[in-house]
Amino acid sequence: MVSRTIPVEDFDLVIFGATGDLARRKIVPGLYRRFVAGQMPASAQIIGAARTRQDESAFRADMRGAIAEFVGRDEDEAQLDAFLATLRYVPIDARGTDGWPELSAHMRPGVVHAFYFSVAPSLFGDIAERLASHGIADADSRIVVEKPFGRDLVTARALNATLAQHFAENQIYRIDHYLGKETVQNLMAVRFANILFEPLWNAQYVDHVQITVAETVGVGGRGEYYDHSGAIRDMVQNHMMQLLCLIAMEPPYHFDPDAVRDEKLKVIRALEPLDADDIVRGQYQDGPDGPGYLQDVENPLSRTESFVALKAHIANWRWTGTPFYLRTGKRLRARTSEIVITFREPPHSIFDDGGTPKANQMVIKLQPNEGMNMTVMIKEPGPGGMRLVQVPLDMSFADALGSNGTDMPDAYERLIMDVIRGNQTLFMRGDELEAAWAWTDPIIAAWDAGTRLPEPYDPGSSGPEEALRLLHRDNRRWREIRA
Ligand code: NAP
């Protein structure tokens with residue numbers, strides 16, 4: 001199966017923070033791939049903006065280097081030159097007055113105008129205000145903002161209010177790159193375009209759900225930022241919450257941005273406050289491959305978690321009785337992101353000698369390789385009588401779509417194209433984000449008010465023992481962390 005590429009409308013995309021890590025690693029390489037795929041029109045403009053004083057040719061040379069580093073070195077030179085010709089650069093200090101008229105002069109009438117705020121959130125207000133006061137953005141323009149969107153409900157509300165002074169909600173695209181993953185969208189297709197799963201998708205048939213986002217790396221160079229954040233703010237409040245919503249939400253009446261986001265919001269609002277016994281925090285210790293968390297963040301007294309596991313309950317008709325276990329951490333055994341839906345066991349086994357049927361599992365893998373996998377019970381082949389065996393039914397999307405996976409757009413590519421198309425379905429709405437903070441705030445506040453230290457865990461392990469006990473005490477076990 002060959003996937004179709006439908007070109008987007010002509011656009012001017014301004015990247016504030018164009019000299020930064022995100023622009024170099026994801027945004028510009030992603031746009032380049034869309035250009036090569038024929039989705040980005042050759043007439044479109046990408047306008048870099050940052051304080052660094054450089055001319056257009058220096059910016060293009062830097063982006064050539066970024067593409068070589070993050071896309072590949074064997075690129076077609078003519079195509080690369082054609083892409084680089086779409087780049088412009090304007091030196092701008094978000095807090096200053098210079099550069100804005102030059103930026104305004106670059107913007108062409110009659111094309112889509114999008115502004116990517118790839119800068120610290122403390123600059124969002126300055127940029128929004130200047131875009132408005134210089135008449136660069138209008139009611140049809142779109143802005144894209146990155147996480148972290150606040151560090152609690154109060155700061156998230158303040159950020160929303162700041163942006164709302166100049167932009168309507170339907171102009172604001174809050175990126176959560178997890179939502180741009182092929183498999184995450186396939187989760188919606190599988191649930192809502194097949195009759196097979198939806199009748200079983202409830203507490204009567206689903207025993208429990210596990211969501212794991214495991215990393216092998218430590219906090220690296222982000223120590224200071226991370227120590228003020230921790231795993232709950234960095235992963236649970238945003239990415240994992242979004243995954244939980246997509247699994248748990250009711251079918252929207254239509255695949256339309258607000259219909260989908262209304263249903264996700266209902267899930268977040270139905271989350272019960274977390275019981276203190278239902279959460280485990282951990283910190284990685286030092287090991288043969290490197291120092292422990294406290295050394296990494298250079299804060300020997302830090303109580304910030306580099307690992308968290310928790311058990312959440314959704315109090316509604318569909319899910320009461322089905323726990324959702326979430327787990328994420330750094331320096332774990334393998335790098336993997338997956339969702340595991342474990343169904344209940346059949347109520348009665350008719351196979352006396354062949355063994356007890358095991359619960360079916362559906363594993364939705366987001367990384368490293370996207371795909372879905374179901375386990376089913378079958379008869380073991382051969383003449384040995386009716387013996388049962390559990391086998392996987394594999395579905396790797398790369399295989400199903402007839403590619404080796406390299407043609408699959410990266411999450412950022414897809415999301416930026418959605419911004420140009422004006423489709424907000426895969427972006428978080430302000431009220432969704434605030435509801436997620438409203439749920440995580442008390443969890444963080446209760447921890448901050450206590451004196452307990454995070455549980456230590458060995459690098460390369462599955463996290464602290466207590467996290468294993470969180471499931472053992474419910475007679476369940478985590479799926480092994482493996483790539
Ligand atoms: P970064 O590498 O520190 O880059 C920051 C960018 O902002 C630079 O281009 C810098 O350029 C520009 N900048 C700083 N102050 C400015 C000012 N006063 N006026 C105009 N430009 C200014 O940060 P990043 O990693 O690219 O991250 C950008 C945003 O995305 C942050 O909010 C971050 O939390 C978020 N994010 C990043 C990642 C990632 O993988 N990197 C992932 C998720 C979210 P000059 O110094 O030239 O001005």
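The values are calculated or read from the model by the stated rules, or taken from the named source; none is laboratory data. What you are looking at is a predicted structure, and each value in this text was computed from that prediction instead of being measured. In this analysis, Cβ positions are derived from the backbone assuming ideal geometry, glycine residues included, and neighbour counts consider all displayed protein chains.
Among the numbered conditions (1) buried (at least 20 other Cβ atoms within 10 Å of the Cβ); (2) at pLDDT below 95; (3) among the polar types (S, T, N, Q), the only one that N186 does not meet is (1).
Restricting attention to region 290-305, does a residue exist that is more than 16 Å from the ligand (Cβ to nearest atom), assigned to a loop (DSSP other than H, G, I, E, B), of a type in the set (F, W, Y) and modelled with pLDDT of 95 or more? No.
Selection of region 425-483 for residues being out of contact with any Leu (no Cβ under 6 Å at 6 or more places or on another chain), surrounded by fewer than 19 Cβ atoms within 10 Å (Cβ to Cβ) and of a type in the set (F, W, Y) yields an empty set.
Within region 450-477, the only residue that satisfies the criterion of being assigned to a loop (DSSP other than H, G, I, E, B) and of a type in the set (A, V, I, L, M) is L453.
To keep it simple, each residue is scored yes or no on (1) over 25 Å from the mean Cα position of the chain (by Cα); (2) in a helix (DSSP H, G or I).
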| residue | (1), (2) |
| --- | --- |
| E129 | yes, yes |
| I136 | yes, no |
| V144 | no, no |
| K147 | no, no |
| G150 | no, no |
| V154 | no, yes |
| N160 | no, yes |
| F167 | no, no |
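Okay, residues lined up against (1) more than 29 Å from C245 (Cβ to Cβ); (2) of a type in the set (F, W, Y); (3) at pLDDT 95 or above; (4) in a strand (DSSP E or B):
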{"residue": "R281", "(1), (2), (3), (4)": "no, no, yes, yes"}
{"residue": "T320", "(1), (2), (3), (4)": "no, no, yes, no"}
{"residue": "I339", "(1), (2), (3), (4)": "no, no, yes, yes"}
{"residue": "P346", "(1), (2), (3), (4)": "yes, no, no, no"}
{"residue": "P357", "(1), (2), (3), (4)": "yes, no, no, no"}
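Checked against the criterion of being under 16 Å from F115 (Cβ atoms) and buried (at least 21 other Cβ atoms within 10 Å of the Cβ), region 192-211 contains not a single residue that satisfies it.
Pairs linking a residue in region 84-109 that is without any contact (Cβ under 8 Å) to a residue 60 or more places away in the chain and over 24 Å from D10 (Cα atoms) to a residue that is within 11 Å of the ligand (Cβ to nearest atom) and assigned to a helix (DSSP H, G or I), with Cβ atoms under 8 Å and 6 or more positions apart or on different chains, are R95/L123; R95/D126.
Of all the listed residues (L294, L310, L301), the sole one being among the aliphatic types (A, V, I, L, M) and within 24 Å of the chain's Cα centre (by Cα) is L310. In region 164-199, of all residues being of a type in the set (F, W, Y) and more than 16 Å from the ligand (Cβ to nearest atom), the one that is farthest from P148 (Cα to Cα) corresponds to F197. Residues that are away from the ligand (no atom under 12 Å from the Cβ) and crowded, with 22+ Cβ neighbours inside 10 Å were ranked within region 143-162; the one that is nearest to R233 (Cα to Cα) is A156.
All of (1) in a helix (DSSP H, G or I); (2) modelled with pLDDT under 95 hold for I420 with one exception: (2). Going through region 81-92 one residue at a time, which ones are aliphatic (A, V, I, L, M), buried (at least 19 other Cβ atoms within 10 Å of the Cβ) and more than 13 Å from A49 (Cα to Cα)? Selection gives L84 alone. Take the residues in region 336-377 that are charged (D, E, K, R) and under 34 Å from the mean Cα position of the chain (by Cα), then tell me which one is surrounded by the most Cβ atoms within 10 Å (Cβ to Cβ). Looking at the filtered set, the residue picked out is E338.
So, of the residues in region 22-81 that are out of contact with any strand residue (DSSP E or B) (no Cβ under 7 Å at 6 or more places or on another chain) and among the polar types (S, T, N, Q), which turns out to be nearest to F11 (Cα to Cα)? Once the filter is applied, the top-ranked residue is S43. Among residues of region 255-287 being free of Cβ contacts under 8 Å to residues at least 60 places away in the same chain and more than 25 Å from the chain's Cα centre (by Cα), the one that is nearest to F192 (Cα to Cα) is D275.
Could you tell me whether any residue of region 93-107 is away from the ligand (no atom under 13 Å from the Cβ) and buried (at least 17 other Cβ atoms within 10 Å of the Cβ)? Yes: one or more hits.
The set of residues from region 108-127 being touching a strand residue (DSSP E or B) at 6+ places or on another chain (Cβ under 8 Å) and either more than 12 Å from the ligand (Cβ to nearest atom) or not in a loop (DSSP other than H, G, I, E, B) (or both) comprises R108, V111, V112, H113, A114, F115, Y116, F117, P121, L123, F124, I127.
Residue check: is D176 charged (D, E, K, R), closer than 22 Å to D262 by Cα and surrounded by 20 or more Cβ atoms within 10 Å (Cβ to Cβ)? The answer is yes for D176.
Looking only at residues of region 55-89 that are within 28 Å of the chain's Cα centre (by Cα) and of a type in the set (K, R), we find that the one that is nearest to the ligand (Cβ to nearest atom) is R64.
Screening the candidates T52, T19, T5 for the property of being within 16 Å of the ligand (Cβ to nearest atom), surrounded by fewer than 17 Cβ atoms within 10 Å (Cβ to Cβ) and of a type in the set (V, I, T) yields one hit, T52. Screening region 37-49 for residues that are within 25 Å of the chain's Cα centre (by Cα) and either away from the ligand (no atom under 16 Å from the Cβ) or in contact (Cβ under 8 Å) with a residue 60 or more places away in the chain (or both) and picking the one that is farthest from V145 (Cα to Cα) gives A37.
Checked against (1) under 30 Å from I341 (Cβ atoms); (2) part of a strand (DSSP E or B); (3) among the hydrophobic types (A, V, I, L, M, F, W, C), A189 passes all but condition (2).
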